[in-house]
Amino acid sequence: MNATADIRLYQAHAKINLSLEIVGRRPDGYHDLVSVMQEVSLFDSLSFEPATELEFSCSDPDLVGGNLVTQAARLLAHRFGVTQGCCIQLHKRIPAGAGLGGGSSDAAATLVALNRLWDLQLPPSDLSVLAAEIGSDVPFFLTGGTAEVAGRGEYVCPLPSLPETWYVLVNPGVHVSTRDVFAELRPAEWSAGNATRALAEEIRDIRPARLSVNGLSSALFRLYPAAEECFRRVSDQSQGRVMVSGSGPTVVAQVESRRDGDRLASLLPESYWTAVVHNVARGVGDST
Ligand code: C5P
């Protein structure tokens, strides 16, 4: 028997926010938000191999200590009394602390993979509850594609897929704390969610969807001037809409084609990390 036959390979895609509004603060300290989220073609790779213990290795040594993959695996094992282990390898391409949901996507892939590997047979609704315990963005990645998201991130309503759309992701290399950005947010920066709901309606009507608003941008820029500088530089060079993704600092520029994306990326400082990506219509991918 081939010793690698039981290895399962997954792609955990990044997301961008096409719109993000903070509606208000909740009694539990979190914020209610409305957002349109879009899965994109940039992805981390994960492999899962049966083992007696839980083992984890990662191409980024900074993530070996604490990360959402081991958190998801331990949560599943603990909650369902799993005695098997798993050898998990993570190859990171999505920058961490970037507003692209990389850790959340890795966690969602882990829930889906271990649900199969450990034969837990949990339905999607149970996985979604576990996902929300791990982090606010994790439930989205169980659905993926294009979706309208509400609550603190746990209500995910799929939207029709966009036609092929290209984006340039630009990251100035600062690691952002989502918690700090939310803490910096002022009530005057909350909004009713109308821009996001209008965008979701346009997508439902199969009308062209453009990047909309991000209610966290001002708080991000006050805390991280390098993020504002990045936003300004991208805006100066871009022909189309530009928006911060999530709590930042990654800036998203919508472009007409991959070629226009490559051109825009070439005009930016070399110290910036860039990726030219397109929208993805499906959820967590099992590539075995
Ligand atoms: O859920 P997650 O661990 O990703 O959130 C990180 C932090 O961001 C939370 O501890 C909270 O302070 C803040 N947050 C929030 N409202 C949300 C999501 C996150 O206040 N909807």
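The values are calculated or read from the model by the stated rules, or taken from the named source; none is laboratory data. In this text, all values refer to a predicted model and were calculated from it rather than measured experimentally. Cβ: placed from backbone, ideal geometry, glycine included. Neighbour counts: every protein chain shown. Side chains included, ligands, DNA and RNA excluded: accessible areas come from the protein's heavy atoms. Shrake-Rupley method; radii C 1.70, N 1.55, O 1.52, S 1.80 Å.
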Using square roots of five times the C-alpha gyration tensor eigenvalues, list the equivalent-ellipsoid semi-axes of the range 152-260 in whole Å, biggest first. 24, 20, 11
Compute the angle between helix 68-79 and the longest alpha-carbon principal axis of the chain, please, reported from 0 to 90 degrees and rounded to the nearest 10. 50 degrees
Among trypsin sites (Lys or Arg not before Pro) in the range 78-149, those in a DSSP loop whose Cβ has at most 15 other Cβ atoms within 10 Å are Arg93
When the chain is treated as a Gaussian network with springs between alpha carbons less than 10 Å apart, the largest mean-square fluctuation among Ala227, Ala77, Ala253 is found at Ala77
Express in % the proportion of alpha carbon pairs of the chain at distances exceeding 34 Å. 18 percent
Protein accessible area in the chain, 1.4 Å probe - carbon and sulfur %: 50 percent
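As a check on your grasp of the helix formula, calculate [θ] at 222 nm for the chain: sum -39500 (n - 2.57) over DSSP H runs of n ≥ 4, divide by the residue count, round to the nearest 500.
-9500 deg cm²/dmol
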Here the relative contact order (percent) of the chain, from C-alpha pairs under 8 Å and at least 6 apart, is 26 percent
For the range 49-88, what log10 I(q)/I(0) values come out of the Debye formula at q = 0.24, 0.27, 0.29 1/Å, with one point per alpha carbon and no solvent? -0.80, -0.94, -1.03
Can you give the relative contact order of the range 162-228 as a percent, counting alpha carbon pairs under 8 Å and 6+ residues apart? 42 percent
Set the Förster radius R0 to 30 Å, insert the Cβ-Cβ distance between Ser191 and Glu53 as r into 1/(1 + (r/R0)^6), and round the FRET efficiency to 0.05. 0.05
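Count neighbours as other Cβ atoms within 10 Å of each site's Cβ, and list the trypsin sites (Lys or Arg not before Pro) in the range 125-222 that are DSSP loop with at most 16 such neighbours. Walk me through the intermediate numbers first.
On the way: sites: Arg152, Arg179, Arg197, Arg204, Arg210, Arg222; in loops: Arg152, Arg210.
Those satisfying the criteria are Arg210.
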What is the Cα convex hull volume of the range 13-139 when expressed per residue in Å³? 118 Å³
Over the chain, with a Gaussian network built from C-alpha contacts below 10 Å, which listed residue (Ile206, Ile134, Ile16) shows the highest mean-square fluctuation? Ile206
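Considering only protein heavy atoms, with the full assembly of protein chains and a 1.4 angstrom probe, order Cys86, Cys157 by accessible area, largest first. Show your work: numbers first, answer last.
On the way: Cys86 0, Cys157 60 Å².
Per-residue accessible area, sorted high to low, gives Cys157, Cys86.
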So the angle from the long Cα axis of helix 225-237 to the longest Cα principal axis of the chain, reported in degrees to the nearest 10, equals 70 degrees
On full extension of the chain, what length is gained from Tyr30 through His91, given 0.36 nm per residue of separation minus the C-alpha to C-alpha distance? 18.9 nm
Write down the accessible area per residue of the chain in Å², having rolled a 1.4 Å probe over the full set of protein chains. 46 Å²
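Find the Cα radius of gyration of the range 133-209, compare it with 2.2 N^0.38 Å by division, and give the number to two decimals.
Normalised by 2.2 N^0.38 Å, the Cα Rg of the range 133-209 equals 1.29.
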Find the all-direction average of the projected area of the Cα convex hull for the range 92-138, expressing the result in square nanometres with one decimal place. 3.4 nm²
For the range 129-288: relative contact order, % (alpha-carbon pairs under 8 angstrom, 6 or more apart): 32 percent
Just the Cα atoms of the range 225-268, one point each, no solvent: what log10 I(q)/I(0) does Debye give at q = 0.16, 0.22, 0.23, 0.25 Å⁻¹? -0.38, -0.69, -0.75, -0.87
Accessible heavy-atom area order of Glu229, Glu133, highest first, probe of 1.4 Å: Glu133, Glu229
Write down Rg/Rh for the range 1-84, rounded to two decimals, with Rg from the C-alpha atoms and Rh from the Kirkwood relation over Cα pairs. 1.08
